[in-house]
Structures are given as structure tokens and as C-alpha cells.
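Asker: Okay, handing you the structure first.
The values are calculated or read from the model by the stated rules, or taken from the named source; none is laboratory data. Just so we're clear, the structure is a prediction, and the values are computed from it rather than from any experiment. All Cβ positions, glycine included, derive from the backbone under ideal geometry; neighbour counts span all protein chains shown. Ligands, DNA and RNA are stripped out before the accessible areas are found, and what is left, the full protein with its side chains, is counted by its heavy atoms. Shrake-Rupley method; radii C 1.70, N 1.55, O 1.52, S 1.80 Å.
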Amino acid sequence: MKKQYTLFSAFAIFAISFWGASTSCAMAANAAVSGKGTSAAPRFTVLQTVDDNKPLDNGIEIRSMGVVMQITALRDDVVRVRVGLQGQLPEDASWAVLPAARTASIHVSAEEDSSSVGFRTGALRVKVDRATMRLHVTDLNGALIQEDAEDHPVEFHGGAFRVYKTMAADEHYFGLGDKPGPLDRRERAFSLWNTDSFGFQESTDLLYKSIPFFLTSRQGITAGILFDNTWRTSFDFGKESPNAYSFGADGGPLDYYILYGPDAKKVMTTYAWLTGPAPLPPLWSFGFQQSRYSYHPESEVRRVAERLRADKIPADALYLDIDYQDHHRPFTVDQVQFPHFTQMVTDLKKQNLRVVAITDLHIAYLPDAGYKPFDSGMAGDHFVKRPDGSVYVGKVWPGPSVFPNFTSQSTRKWWGTLYTDFVGDGVAGFWNDMNEPSIFDTPNKTMPDDVQHRIDEPGFNPRIANHLEIHNVFGMQNSRATYDGLLTLTPNERPFVLTRATYAGGQRYAATWTGDNSSTWNHLRLTTPMLLNLGLSGFGMSGADVGGFVGSPGPELLTRWIEMGTFQPIDRDHASDTSANQEVWVDGPQQEDIRRRYIEERYKLLPYLYTAAEEMSRTGLPIVRPLFLEFPDATTDKHPIDLDAANEFMFGPNMLIAPSIYPEKPDAYPVELPSVNWYNYWTGEKVGGVMLATDNTTANPLGLVGRQITIKPQLDLLPVFVREGSILPMQPLTQSTMETPKGPLTLRVYPGKDCKGSIYLDDGLSFDYRKGDSLRMEFTCAETPKGITVHVGAHQGSFVPWWTNLKVEVYGSTATAGKASIEGSGGAVRSSFDAPHHVAAFTLPDNGRGEDLQIEWAQ
């Protein structure tokens, strides 16, 4: 009975996605289970026993009931699982996984006994039960990483399938991109089908992206699963059954990867190895960005730029939405509204503002009208087609439109050439919107299922695929075409591409944002878990529209949102055409002063932020991070501390941001500070609060390790903390990243255990850093019986920094410096003491060779 019930449940989930109606899915499921299925009901194929197995140098191949399963090791900590019907594996190709990673292989040690077959790597033991076909993966100490569900590890329903895994009561799940809701995905179910979700809400499932990657966390052991399938996929984390999680697809290959940690940071770096990290963005993209749908005509764009500069609001980019175009046709300019477009771009750059222009992928259907994108696209056969061979036409912003066949490398190359004029005009970045793809005149808001896409791509067999297979990668390949095209036009300039729709691995080509959010307190609250899960899905370069896109924020909501935007990777204020103005200066000088101060703080923190971005480009570690990424041992039972510290997050490795989970309310709220010692970023003082005892379950029922404090909300104060042992690099205030900072580089030292920090610097625009034209410096500090020693490392790399002096600020001090000197030279060091901010400051020259600053506190 248990098995029959589970089969029914599995089939019901499949039917919901396949037929889209609960009544028909229940009828079909009953028919299938009883063996009286209708002609529409798929057949079952359930893997139950190992009929045959063959050891491979890098894994094992197993056969069961005509099905073949291949389990291979790419590395000691990465296992790939592929399953094929009719004794044949699906095509070995991927849009997400890098070819070098997908074809990687290591030698394994075969293991076999009377009950199981499998192998061992240097980190993992993989076993398949002979009687049930259940897959078990453990580490070499026997700790369970994952295992298939007891009765039916894999089920096929015709071309659809589902994989079931056991779910422990204390297991938690993260990832799947920016699905709204809590950070933990447990007890929820999701589908991945890129959808234009204007005005989405907390209960909305289908959003703009399909990132089929998630992390599992249990008792301090973290693993990742990438389910590499571009069809409509679904994931269930205990909603169907409290004892199992599952994932499946309506079609396509059963192909997934298991990434072992054991900690979450290791999983993230492995995922970056598998699918590629986000590239290092241009420095200006971390500046404040002002946008609206739409700033037009040209005089309005200039007015906004002049107000930004007049009010001394630091900013780096202005966005042009669709109204700068001629009748909303991509790659055109409305000569009436923007009669001096090229000169406007030039003039804005003189004001240290760059232009980001939208270039949607729908090309206006304009035969014999002299519209170059359409004419050249038709001449090159670059548009997707209907089954009868005619070009598919759908209605979008320009009216009837055609759509590039981005799964062909020749089409992507053609698409890249369309940017030639804009790049020549000096447009700095490009915004690929509406690329789910969104279509206005269809019931499902996208292309019909039978639209034909030509796959002509290295690593793939040339063939025709219908839209069901390509839909979820269409936006990713659009941003890839833009990114590669910009590289071709300006080979030594880092592209900035912003995309709305994408797929796993799409972080290689574009940054993203959370789409058309709303100007509500709830959407401000949703921003944090959405960005955190995007970062855990590979998209560390992301943002959410500051102020909300749909509707108009009140003064307090906009102020608090701008404060939060300071600490997200992309800081873009964006509003819809029906919203009230929401630039920084609206709502009067009092609100503007608060908002400006936070944007200014972001610019001061740019060295710290850019250093975190460079780390992301090498390791895949996101800029904004859940607490458990930095503090895996912050609870006694090693459950993620974020489950008890809702809405807190890390900005880079050392700064903790702690907004209220209910920011619209005046109520005081608790803040959990993992580890032991923290500093208040704004005042410089050490944080007190309640020390959470690890051995007192009555006083500390959650088993937290660290401190707890209570915060009383203030409109002008977003709580920010710095963990002990941090050294933060900061710069003097500028109004743009194009402006050279004037003054010393500041090193904010927060004494404590394992005290260290670093800075990375380059020209912020080119790829010259790949040839060594960059600067890296490492810093450490150590407390002594009489004071503290700060070590400034030597310059690494050939890039010449903008500073010649260093200002070392030591926080938490209650005494002035009695003596400060540079070791070896004995030279005097200028010093000062700021009692209200608990900081002693020391200024010294930076000779590039490295110094040890010795400080003795006055007795």
C-alpha cells in the first residue's frame, strides 16, 4: 500500500505540470495506477533492481529493466548521475556546465558486495543497492550526503521523470535562484519555467529565471545538486511527503551532479568550477545607478543628471528604458525625443555618468522598411520558426516581432554586431529585458510550445528542438550573445550586461535583478532572502529594484530601501512608468540627507566591495551571503543560524547587516551576532548584549553561539556590524568611480582573533589585470601586552594605486596612543584619537614595500 500511494503522489505531481488541472491529474493518476490509463496517460517505468553492472575507470554503469544508469566521478568531491531509457544515455551536452568540468574524470576504486555495487573516491563512497536501485552517497567517515527514497528512487512517466531522495527532519535547502519567500526552501514546492511575472508576490512561483541548483544542509554537512535539465522542471522539498524531497522534469535528460562540501563555501567554489564564476564586473557597475521606465525625452535625462550632480548624490549610471527607441524598436533611437543622442551620451560621460541602454530581443517585424536588425536577421536566417518553416511572429513592445535563434552560434555572432553603433556612441552597458521570452498575445505569455529552435553549437549534435526544451535557456543565450558581441567590439573592455531571464551558468555572461517587484514593505522584506538565494545559485552580481518597481513608495519606505540598497551588489533605483518619482531628492531635504549619506557610505566602501567582487570572480563566493556561509558553527547542532536570524545577512566576508524583519513597525527586535565579538560599524564601539551560553538550553534554547542584542529601530540608522579580526579598506568620498579619490587609503582595524584583511585594485575597466596589471595587499594585526601591531603587506602586482599614504584606524580603543612607530625606521607617525567613535588613527606613508606599525596605548 505504501508503494502504491507513493506512485500515485508522484504521478499527481507530474500530471499537475503536464495537464495543468488538478481534476484531470487525479483522474489520470488513478487510471495509471489501476492499469486502465487513457491514451493520454503516460506509462510507468520504475527502477527497482540491479540487473547488471559494469565498473568504469571513473565510476559504474548499471542496468535495470532496460534502463541504463551511469554514475561517474568528475573529482573526488563531484559525482555525476545520468539515466537513460531503452538502454541508451541521452546526449552528453550542456548549456550550464563548462566543457572542461563536464568531461573531467578521476580514477575510482570499485567496491562491491552481496548487497550493493559502487565505488570510492578520495572523499566519497557511492553505493547502489542491488535489490532496490537506491543510490547512497556518504563521506569516507560514513556521514550521509544523500540517499534515494526507499521505494522508488527514479520513476519515468513516458518522457517525464522524477527522482526521490530521503529527507531528514533536520535537513534544510537553499538556492533555486530568487524564488520569493523564506530563505529555507523546506516544506515548499517550486516549478522552473521562465515567466514574465509583473508584480509578483510572495506566493508567486513562476518567475523570470530557471536555476536548477540547490544546497542541502544537515548537521554541518552541506552538499549541492545541479539538475541539468532545460525543460520545465519541478522541485519538492517535503511538501508532498514529509520524508522525501524530489525533483523532475516534463522531458529531456535525467542528468544531475552531486557536489560535496562538507561546508557551504566549498560547495559554492565547486559550483563555480562546474558552471563558471561571474566575471569581474567594471568598477562603475558598483556605483549608484538611477533608472526609470522611462526617462524621456532627452531633456529629462539631462535634468536628472544635473540634479544628481547639483545635490552631490554620488552616482555612476543612468538607464534608458524602451522610450528612447523609435516606436520601441530595439537598436533604434527616437530622433524626435533624442535628437542629440550621441552628444548626450558624451555629455553625460563628462559628468562622470555612464549610460546603460535597454536592448530587448524582440526585433520588430518590418519587411521592406529599411529596419536593419530585421533585414539582416532575415538575410542570415537568424529567427526562430513555426513547424511549417515560416518565421514565428509574436506581439511585444514594437508590435509584431520576430525572435533570434540564440541556440545557434552564428545567430549569436550576428546579434553581437547589432551593438556596433551604440558602442561607438559610448553607451557603457546593456540591459536585456523581456527575454523569458515574454509575448503579449499568447495565453501562456510566451512562445507556443511547438516553435522551432535550431541548435548549432559546439558540443551539441546539430538538430531542431521545440520551445519546450529551449525556453528556459533562451534568456541565458540572449545575454551570452550580448556579452560575447561586446567582447568582439571592445576586446579589452569588460562588458556590463543586465539580464532578467537566465539559466544555471548564466552568471558567466550577465548580472541580474529580481524583476518587477512592488513598492511595498513586504517586498522590501522579500529582497534579502531573494538576493541570498540568488548568490547561492551562482548569481552573486545581482540586485532588487530599490524603492520597488510597481507602485509608489512612501517617504519612509523609500528611505529604508535606499539604505538597504547600499549593501546589495547592484544598487539601482528603478520605477515603472505609472509610479511617482522616486529619485533620492523626492520627499524633501530631510529624507534626501539620510539617503545621500548611505549612498556616500557605499562609495567609501568601494575598495572593500570591489575586493569582495574580485574574490567572487575567482571562487564563486557571493558578495551578499547568508550567515551560515561565514559561520557554519554558529549553532551547537550546526543548523544554519539564518533560520533564527531572519533578514540578517553578510555584506562581503566581514560586515553583518541587520534590518528589522518588519521594517515598517517601530517595535524593538533582537539581532543574533554569531561568533563572539563584534563592533558597531557606525560608532566603532564593541558590542555588548547577552552572551549566549552554549551549555544552557533554558537560557539558549536555539543553541546559538555568539551574542544577542536588542535594536530599537531608527529611520536614519540601519544596524551594521563588523566582526572582530577584520581590516576594512576604505577610500575618501567621491561622486563617481571615474573620479580619483583624494587622500589616504583608510584601513579600519577591528582587533580580535585571526585579524586580517586585504584589498584588490586595478583600472576597473579593462582586462589588463589578467596580465598582472593589478594590485593586491594583505593586512594583519596582532594585539600585544602594551598595544597592537598592524602589518601592512607589500604591494603585489604592477598597478599603481591612487594613494601614497595610509590612514590606519584602530577601533574599540578607550585610550589614546602613547607611542606609535614604524618598525625598523623608528619614524614618528601622526596620530589622533576620536573618543565618540572609539578610534585611534595613525597616518603613515605607503612605500609599497610593506610596514609594521607598532602602537602602544598610553598607560
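Asker: Of all residues in segment 57-71 being over 13 Å from residue 47 (Cβ atoms) and assigned to a loop (DSSP other than H, G, I, E, B), which is least open to solvent (accessible area, probe 1.4 Å)?
Answerer: 58
Asker: Name, by its number, the condition in (1) open to solvent by 40 Å² or more (accessible area, probe 1.4 Å); (2) touching a Gly at 6+ places or on another chain (Cβ under 8 Å); (3) over 23 Å from residue 445 (Cβ atoms) that does not hold for residue 365.
Answerer: Only one criterion is unmet by residue 365, namely (3).
Asker: What residue, among those in segment 97-114 that are small (Gly, Ala, Ser) and open to solvent by less than 60 Å² (accessible area, probe 1.4 Å), is nearest to residue 212 (Cα to Cα)?
Answerer: 101
Asker: What do you reckon, is residue 296 outside any helix (DSSP H, G or I), open to solvent by 40 Å² or more (accessible area, probe 1.4 Å) and within 18 Å of residue 341 (Cβ to Cβ)?
Answerer: yes
Asker: Now, a different point. Listed residues 722, 671; which is aliphatic (A, V, I, L, M), within 16 Å of residue 641 (Cα to Cα), in a strand (DSSP E or B) and open to solvent by less than 20 Å² (accessible area, probe 1.4 Å)?
Answerer: None of the others qualify; the one that does is 671.
Asker: Next question. Hey, among 788, 727, which residue is among the β-branched types (Val, Ile, Thr) and farther than 25 Å from residue 610 by Cα?
Answerer: Going through 788, 727 in turn, the sole match is 788.
To keep it simple, each residue is scored yes or no on (1) more than 30 Å from residue 79 (Cα to Cα); (2) touching a Ser or Thr at 6+ places or on another chain (Cβ under 6 Å); (3) of a type in the set (A, V, I, L, M); (4) modelled with pLDDT under 95.
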residue: 255; (1), (2), (3), (4): no, no, no, no
residue: 260; (1), (2), (3), (4): no, no, no, no
residue: 268; (1), (2), (3), (4): no, no, yes, no
residue: 282; (1), (2), (3), (4): yes, no, no, no
residue: 319; (1), (2), (3), (4): yes, yes, no, no
residue: 334; (1), (2), (3), (4): yes, no, no, no
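Asker: For residue 587, which of the numbered conditions (1) part of a helix (DSSP H, G or I); (2) on the phi > 0 side of the Ramachandran plot fails to hold?
Answerer: (1)
Asker: Within segment 354-362, is there a residue that is modelled with pLDDT of 95 or more and open to solvent by 50 Å² or more (accessible area, probe 1.4 Å)?
Answerer: The answer is no; no qualifying residue exists.
Asker: Follow-up. Scan segment 546-558 for residues that are surrounded by 24 or more Cβ atoms within 10 Å (Cβ to Cβ) and either in contact (Cβ under 8 Å) with a residue 40 or more places away in the chain or among the hydrophobic types (A, V, I, L, M, F, W, C) (or both) and jot them down.
Answerer: Selection gives 546, 549, 558.
Asker: Which one is surrounded by the fewest Cβ atoms within 10 Å (Cβ to Cβ), of the residues in segment 227-264 that are touching a helix residue (DSSP H, G or I) at 6+ places or on another chain (Cβ under 7 Å), hydroxyl-bearing (Ser, Thr, Tyr) and in a strand (DSSP E or B)?
Answerer: The qualifying residue surrounded by the fewest Cβ atoms within 10 Å (Cβ to Cβ) is 234.
Asker: Is it the case that some residue within segment 720-732 is of a type in the set (Asp, Glu) and under 28 Å from residue 313 (Cα atoms)?
Answerer: no
Asker: Those residues that are part of a loop (DSSP other than H, G, I, E, B) and under 22 Å from residue 774 (Cβ atoms), I need them from segment 744-762; list them, please.
Answerer: 744, 762, listed by residue number.
Asker: Taking segment 75-91 as the search range and keeping residues that are over 17 Å from residue 135 (Cα atoms) and surrounded by 16 or more Cβ atoms within 10 Å (Cβ to Cβ), which one is modelled with the lowest pLDDT?
Answerer: 85
Asker: Follow-up question, since we're still on this one. Restricting segment 526-560 to residues that are part of a strand (DSSP E or B) and under 18 Å from the mean Cα position of the chain (by Cα), which is farthest from residue 288 (Cα to Cα)?
Answerer: The selected residue is 542.
Asker: Restricting to segment 121-146, name every residue that is surrounded by fewer than 17 Cβ atoms within 10 Å (Cβ to Cβ) and in contact with a strand residue (DSSP E or B) (Cβ under 7 Å, 6 or more places away or on another chain).
Answerer: Hits for segment 121-146 are 140, 143, 144.
Asker: Within segment 328-375, work out how many residues are on the phi > 0 side of the Ramachandran plot and of a type in the set (Val, Ile, Thr).
Answerer: Of the residues in that region, 0 qualify.
Asker: Starting from residues that are open to solvent by less than 30 Å² (accessible area, probe 1.4 Å) and of a type in the set (A, V, I, L, M), keep the ones in segment 725-773 and report whichever is nearest to residue 354 (Cα to Cα).
Answerer: That would be 761.
Asker: Still on this model: Does segment 500-525 hold any residues that are buried (at least 24 other Cβ atoms within 10 Å of the Cβ), assigned to a strand (DSSP E or B) and not hydrophobic (A, V, I, L, M, F, W, C), and which are they?
Answerer: Across segment 500-525, the qualifying residues are 502, 503, 512.
Asker: Given the structure, is residue 198 surrounded by fewer than 18 Cβ atoms within 10 Å (Cβ to Cβ) and of a type in the set (Phe, Trp, Tyr)?
Answerer: Yes.
Asker: Sticking with this structure for a sec: Looking only at segment 647-663, which residues are assigned to a loop (DSSP other than H, G, I, E, B) and either buried (at least 18 other Cβ atoms within 10 Å of the Cβ) or modelled with pLDDT of 95 or more (or both)?
Answerer: 647, 648, 652, 653, 654, 658, 659, 660, 663 - these are the residues of segment 647-663 that are assigned to a loop (DSSP other than H, G, I, E, B) and either buried (at least 18 other Cβ atoms within 10 Å of the Cβ) or modelled with pLDDT of 95 or more (or both).
One line per residue, one yes/no per condition, for (1) without any contact (Cβ under 8 Å) to a residue 60 or more places away in the chain; (2) crowded, with 19+ Cβ neighbours inside 10 Å:
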{"site": "386", "(1), (2)": "no, no"}
{"site": "395", "(1), (2)": "yes, no"}
{"site": "405", "(1), (2)": "yes, yes"}
{"site": "413", "(1), (2)": "no, no"}
{"site": "421", "(1), (2)": "no, no"}
{"site": "432", "(1), (2)": "no, yes"}
{"site": "459", "(1), (2)": "no, no"}
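Asker: For segment 503-523, what are the residues that are on the phi > 0 side of the Ramachandran plot and touching a Gly at 6+ places or on another chain (Cβ under 7 Å)?
Answerer: Selection gives 505 alone.
Asker: Okay, moving on. Among the residues of segment 793-817, count how many are at positive phi and either in a strand (DSSP E or B) or open to solvent by less than 30 Å² (accessible area, probe 1.4 Å) (or both).
Answerer: 1
Asker: OK, next. Consider residue 94 carefully, then state whether it is of a type outside the set (D, E, K, R), outside any strand (DSSP E or B) and open to solvent by 60 Å² or more (accessible area, probe 1.4 Å).
Answerer: No.
Asker: Let me ask something additional. Restricting attention to segment 674-714, and to residues there that are in a loop (DSSP other than H, G, I, E, B) and under 27 Å from the mean Cα position of the chain (by Cα), which single residue is surrounded by the most Cβ atoms within 10 Å (Cβ to Cβ)?
Answerer: 681
Asker: Tally the residues that are open to solvent by less than 20 Å² (accessible area, probe 1.4 Å) and farther than 15 Å from residue 560 by Cβ, restricting the search to segment 573-601.
Answerer: Total satisfying the criteria: 5.
Asker: While we're on this one: Name the residues in segment 326-340 that are buried (at least 19 other Cβ atoms within 10 Å of the Cβ) and touching a residue at least 60 places away in the same chain (Cβ under 8 Å), would you?
Answerer: 328, 329, 330, 331 - these are the residues of segment 326-340 that are buried (at least 19 other Cβ atoms within 10 Å of the Cβ) and touching a residue at least 60 places away in the same chain (Cβ under 8 Å).
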